[in-house]
Amino acid sequence: MARIKIPRKSTAIDMTAMCDVAFLLLTFFILTAKLKQEDPLRVDVPASTVKVNVPDVDMATITVGHGKVFFGLEGTDLRKSLLEEIGKKYSTSFTPEEIQKFSLIPTFGVPVNTLKQYLALSTDDKKKYTQPGIPVDTTTNSELFNWIYEARVVTKNLHNKELRFAIKGDSREQYPEIGKIIDVLQKQAVNKFSLITSLNQGK
Amino acid sequence: MAELDTSGGGGKKGGKVRSKKASTRIDLTAMVDLAFLLITFFIMATTLAKPKAMDTIWPDKTKKDVQLPVPESRTMTVLLGANHSIAWYVGPPGKTPPTVDNFGKNGIRKTLVEKNKEIEASHPGPNNYMIVLVKASDKSTYKDFVSILDELNITGIQSHAVVAITPPEIGMLKDNNLY
């Protein structure tokens with residue numbers, strides 16, 4: 001009697017194709033990912049039901065929290081010319097190295113007169129240094145007013161686009177602090193801007 | 001397959017020394033594991049860090065002649081007080097005492113929907129929508145401000161504006177211990 005032979009199959013599977021797919025996806029995610037950047041001013045943004053994402057280009061963010069105001073502009077090329085323009089306005093000349101360093105900082109909150117010292121700090125020292133925030137008042141010559149104005153000018157010159165603004169406020173911040181920023185924006189006829197919120201799905 | 005060939009290469013018969021033939025196949029399991037781990041990390045890191053933008057349009061302050069006359073009977077004024085409190089009244093200030101309300105489904109949202117219906121019913125069309133004036137006091141927080149704008153978006157109120165608060169309205173908040 002002939003016995004039925006059951007062929008023994010190997011349990012090992014060819015992983016090559018799976019590995020290919022996994023790395024393809026990995027590459028895709030690395031390239032599309034915009035990693036969370038550490039904010040120098042940590043704010044807890046209020047929640048809302050709005051589902052519109054914040055645009056990535058030609059965007060300036062004004063961060064308000066703990067009584068301080070920080071300014072951020074997207075795009076290294078814009079930041080470079082922004083510092084040049086601000087240097088002209090406050091009659092301080094920034095060296096090319098300083099401009100290069102400034103172009104790598106997405107958000108900052110130092111007055112113009114201490115900006116040079118701040119840029120001279122090493123990366124570690126920059127993290128330790130508590131930035132005092134940009135001076136704001138209701139006149140049309142405050143530092144924040146000028147930063148906003150010059151940022152709009154350089155965006156118009158370099159990208160030929162209107163700069164969009166977003167206010168990123170801490171939820172515990174008192175309303176007058178935010179109202180002050182809105183006043184500064186409205187003084188230069190920026191009447192359309194966004195408020196950054198996190199998505200609230202609970203309601 | 002997928003393992004390194006560790007067989008002796010045919011033994012030592014015949015005294016001839018044969019070089020070992022190494023398999024070109026490598027076990028990819030660990031590599032796949034690592035790749036998927038990284039994919040998971042990148043998926044998490046990207047989708048969690050997406051802030052949302054609430055677009056707002058404000059009246060142009062530089063132009064003085066664009067103010068529309070607002071019929072007082074169609075306005076509802078929402079005052080933001082201390083400790084996340086709200087007080088609201090319909091019509092001109094002082095005519096009706098303010099009602100204290102709170103955020104949430106059965107609070108201001110219900111009020112907005114009801115008042116909107118009432119005003120639409122009591123006014124002849126076509127422009128009979130309710131106009132909401134948001135007045136944030138100095139004691140209110142940014143969170144309240146965003147919440148009330150969000151409620152206005154949810155309830156689909158056609159027209160709303162943010163206006164500076166006046167001293168009599170601060171008085172109203174004080175009377176209700178909200179300032």
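Every number here is computed from the coordinates shown, using simple stated rules; none is lab data. Since this is a predicted model, take the numbers as computed values, not measurements. No Cβ is skipped: glycine too gets one built from the backbone with ideal geometry, and neighbour counts run over all protein chains shown.
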Looking at chain B, what % of the alpha carbon pairs are farther apart than 27 Å?
51
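DSSP beta bridges in chain A, what fraction antiparallel, as a percent rounded to 5?
DSSP beta bridges in chain A are roughly 45 percent antiparallel.
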Kindly rank A:120-132, A:67-79, A:4-16 from highest to lowest mean number of other beta carbons found within 10 Å of each residue.
A:67-79, A:120-132, A:4-16
What relative contact order, as a whole-number percentage, does chain B give when Cα pairs under 8 Å and 6 or more residues apart are counted?
19
DSSP beta bridges in the protein assembly as shown: the antiparallel percent, rounded to 5, is 55
Report the relative contact order of the stretch A:4-107, percent, no decimals, based on alpha-carbon pairs under 8 angstrom and at least 6 residues apart.
19
For chain A, what relative contact order do you get, as a whole percent, if you take Cα pairs closer than 8 Å and at least 6 residues apart?
28
Anything in chain B that counts as a DSSP H helix reaching 18 Å or more along its axis (C-alpha) with Kyte-Doolittle mean of at least 1.6? List them, would you?
B:29-47
Could you give P(r) for the stretch A:58-203, binned at 5 Å from zero, as whole percent values over all Cα-Cα pairs?
2, 9, 19, 23, 21, 14, 8, 3, 1, 0, 0
Output the antiparallel fraction of DSSP beta bridges having both residues in chain B, as a percent to the nearest 5.
45
